[in-house]
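Reviewing the structure listed below.
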Amino acid sequence: MPGTLYLVATPIGNYEDITARALSVLRSVDLIVYEERREGERLMRHFGIDKPVETLNEHNEAAATHVILRLLDGGNSVALVSDCGTPVFSDPGRLLVRKAIGRNITIVPIPGASSLMPALTVSGFPIDQFLFYGWLSPKRERRRAELRKLVSERRTIVLMDTPYRLLSLLADLAEAFGDARRICIAFNLTMPDERIFHGTAAGLYKALSAKPLKGEFVVVLEGAAHDSKHAG
């Protein structure tokens with residue numbers, strides 16, 4: 001009988017955000033699959049968990065998926081974790097999940113900390129409907145073209161990017177959306193230096209240029225339907 005694949009959400013920064021269920025699963029499985037070994041080992045060491053491990057990331061996804069499926073087929077239980085947050089969501093693992101579904105392997109999601117919902121709730125924008133656009137292109141011209149396509153989007157928009165691109169993203173947002181569109185930046189959520197910024201892209205670019213921040217962030221962008229209400 002095949003084993004069970006657990007998709008275990010882990011803290012996005014503050015280790016106190018791990019759930020009791022996640023710890024129970026991690027302690028009970030036969031194998032833990034990390035995205036990156038160093039990050040995974042740090043987390044497991046913190047909680048005193050010692051289990052056999054594999055890694056699955058963008059560099060070895062196909063080969064690692066084959067190995068993990070063979071172990072699942074053999075009746076082993078496996079927990080997949082990403083560097084932080086929910087595995088598969090903006091992280092490797094979709095191939096493993098898709099092939100596990102094809103083999104009728106039981107898959108159990110273990111929910112936990114997320115940067116998406118806290119950023120949305122603290123933005124103050126409507127979130128009954130929103131567009132998770134996710135990661136923009138790292139190439140500036142393509143990124144700007146993507147942003148221009150979003151100008152008429154009426155729903156609240158969620159964007160993510162790498163820590164060192166916050167200022168360049170703000171500059172591109174100011175160029176694409178002008179001064180009327182409000183944004184919220186949720187910076188280093190759950191961490192001691194967590195900051196929440198509200199304003200416009202141009203205003204926040206000016207404010208943060210003097211002392212650039214480096215850390216994880218989520219940008220929440222007001223939808224087009226609200227521009228005229230706040231202009232001026």
Filtering GluC sites (Glu not before Pro) in the range 127-232 by DSSP loop and by at most 16 other Cβ atoms within 10 Å leaves Glu153, Glu194
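Calculate how many DSSP beta bridges within the range 124-204 are antiparallel, expressed in % of all such bridges and rounded to the nearest 5. Before the final figure, lay out the partial values.
Values: 6 of 11 bridges.
Percent antiparallel among DSSP bridges in the range 124-204 is about 55.
Quote the relative contact order of the range 116-230 in percent (integer), defining contacts as alpha-carbon pairs under 8 Å separated by 6+ residues.
On the way: 197 pairs, mean separation 38.5, N = 115.
Relative contact order here is 34 percent.
If a/c stays under 1.5 just call it rounded; otherwise compare a/b with b/c (prolate if a/b is bigger, oblate if not). Do that for the range 175-224, with a ≥ b ≥ c from the square roots of the Cα gyration tensor eigenvalues.
Details: a/c = 2.71, a/b = 1.52, b/c = 1.78.
Cα axes put the range 175-224 in the oblate bin.
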Non-local residues with an amide H under 5 Å from the amide H of Tyr6, with H modelled 1.01 Å from N and Pro and chain starts lacking one, are Val78, Ala79, Leu80, Val108
Whole-Å distance linking the alpha carbon centroid of the range 95-133 with that of the range 3-59 is 18
For the chain, percent of DSSP beta bridges that are antiparallel (nearest 5) comes out at 45
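Would you please classify the overall shape of the range 131-185 from the alpha carbon gyration tensor, given that a ≥ b ≥ c denote the square roots of the eigenvalues, rounded means a/c under 1.5, and beyond that prolate means a/b larger than b/c while oblate covers the rest?
Details: a/c = 1.32, a/b = 1.28, b/c = 1.03.
Note, shape of the range 131-185 comes out rounded.
Just the Kirkwood number for the range 116-230, please: inverse of mean 1/r across all distinct Cα pairs, in Å, one decimal. Before the final figure, lay out each step's value.
Numbers: mean 1/r = 0.0715 Å⁻¹.
Answer for the range 116-230: a Kirkwood hydrodynamic radius of 14.0 Å.
What does the charge count near Ala186 come to, summing +1 for each Lys or Arg and -1 for each Asp or Glu among other residues with Cβ under 10 Å from its Cβ? All intermediate terms of the calculation are to be shown ahead of the outcome.
On the way: positive: Arg195; negative: Glu194, Glu216.
Residues close to Ala186 contribute a combined charge of -1.
So how do Met1, Met44 line up by other beta-carbon neighbours within 10 Å, fewest first?
Met1, Met44
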Relative contact order as a percentage, the chain, C-alpha pairs under 8 Å and 6+ apart, gives 21
re the chain: pairs of Cα atoms spaced beyond 34 Å account for a percent value of 25
Over all viewing directions the Cα convex hull of the range 66-112 casts an average projected area in nm² of 3.3
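In what sequence do Arg37, Arg181 fall when counting other Cβ within 10 Å, fewest first? Walk me through the intermediate numbers first.
Values: Arg37 12, Arg181 22.
Arranged by neighbour count, lowest to highest, Arg37, Arg181 become Arg37, Arg181.
Under the Kirkwood approximation for Rh and a Cα-based Rg, what ratio Rg/Rh is obtained for the range 84-179?
Working: Rg = 16.4 Å, Rh = 15.7 Å.
Expressed as Rg/Rh, it is 1.04.
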Taking only the alpha carbons of the range 27-110, the radius of gyration and the largest Cα-Cα distance, Dmax, both in angstrom, are 12.0, 35
For Lys206, counting only lysines whose alpha-carbon sits under 17 Å away and dropping same-chain residues fewer than eight positions off, the answer is Lys214
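Bear in mind these aren't lab numbers, they're just calculated from the coordinates by the rules spelled out. Quantities reported herein were computed from a predicted structural model and do not represent experimental measurements. All Cβ positions, glycine included, derive from the backbone under ideal geometry; neighbour counts span all protein chains shown.
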